[in-house]
Structures are given as structure tokens and as C-alpha cells.
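Beneath this line is the structure, given in C-alpha cells, with notes to follow.
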Amino acid sequence: MTGPLLVLSGLAVILLGLSAGIHLCGVAALNPALRALDGPVYLAVKQSTDRYFPALMRPLTLAGIGVLLGLTVLAAIDGRSTVAALDAVGLIAGLVALLGVLRGDLPINLRMADWVGDHLPSDWRTWQARWERWFRLRTVATGVSFLATLAGLVALP
């Protein structure tokens, strides 16, 4: 059963690598750039990205979790306990990242969607910082998921 495991592992590494790379670019470049903007400009850019990013990230995240679930089960059935354990770590980390979206990012994004450029709440920077904390959590969890799955691929043969 090495063939299907190899294909699924490769697919998982590609999906999670893309997701981890996008998250890392957000933490390293996009978020600091947004932090440097004044309120109305920040809000315009944030609301615009919140309209476009879900179309990319939702299927990428869900596909990664789905492939990891299948990969973990398949590796366990095939008796590859090390690979199954590494993929299970990747799956748990992926679920932590998803939880970060559902409990943190998404509710804050929905709150910010109602804001109007010249009439931001006085505590908008607090909400911006809170959103970035959730995003950092997602980034770390996605990175762990990618690295665990990559280790599982390396351990496969």
C-alpha cells in the first residue's frame, strides 16, 4: 500500500506547504504592512482581503484536513505506526488552526465587516491586535501540521 500512501502524503505536503507559506507571508509581511496603516486605509484593505482570501483558504484548509484524515487512517491500517503518528500530529495541528479560524479570526472578521472607514470604534487597534494573535496561532499550527506531515512522508519509505 506504499503507492497510495506516497500519493496522499505528497498531496498533503503540497496542500499544507501552500497553506503554511501563505500564513507565513501574512505574519512576516502583510500584517506588519497593515499595522503601519491608518484606520480608514487599514479597514479598506482588511475588508477587501476578507472578501478574497476565504475563496482560497477555505478549500485549501479543508482539503488539507481531509487528506490528513485519510492519510492517518490509511497509514494506521497499513501498520505504519510512525507515519500514522506523525500524520495524526499534523491532523491535530490542522484542526487547531481551523479552530483558530472559527473561534478567533472569523468572528473578528465579521465584526470588522460592519465597520465604516471614518467611523472606526475607538478600540479598533485592540481588535486588530486580537486578530493578529489568532492569526499567529493559526500560522504556528499550520506550520506544525506541514512539518509533521513532511516528516511522515520522509519516514514512509
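The values are calculated or read from the model by the stated rules, or taken from the named source; none is laboratory data. Everything numeric in this text was worked out from a predicted model, so none of it was measured. As a convention, Cβ positions derive from the backbone with ideal geometry for all residues, glycine included, and neighbour counts pool all protein chains shown.
Once region 105-133 is narrowed to residues that are charged (D, E, K, R) and in contact with a Phe, Trp or Tyr (Cβ under 8 Å, 6 or more places away or on another chain), the residue that is surrounded by the most Cβ atoms within 10 Å (Cβ to Cβ) is 105. Counting only helices (runs of 4 or more DSSP H) wholly contained in region 30-106, the ones carrying 2 or more residues that are under 12 Å from the mean Cα position of the chain (by Cα), free of Cβ contacts under 8 Å to residues at least 60 places away in the same chain and under 29 Å from residue 116 (Cα atoms) occupy 39-77, 81-100. Applying the condition of being in contact with a Ser or Thr (Cβ under 8 Å, 6 or more places away or on another chain) and of a type in the set (A, V, I, L, M, F, W, C) to region 55-74 and asking which residue is nearest to residue 132 (Cα to Cα) yields 57.
Among 3, 17, which is the only one that is small (Gly, Ala, Ser), modelled with pLDDT under 95 and at negative phi? Only one candidate passes the filter, namely 3. Of everything in region 134-157 that's of a type outside the set (A, V, I, L, M) and more than 13 Å from the chain's Cα centre (by Cα), which residue is surrounded by the fewest Cβ atoms within 10 Å (Cβ to Cβ)? Result: 157.
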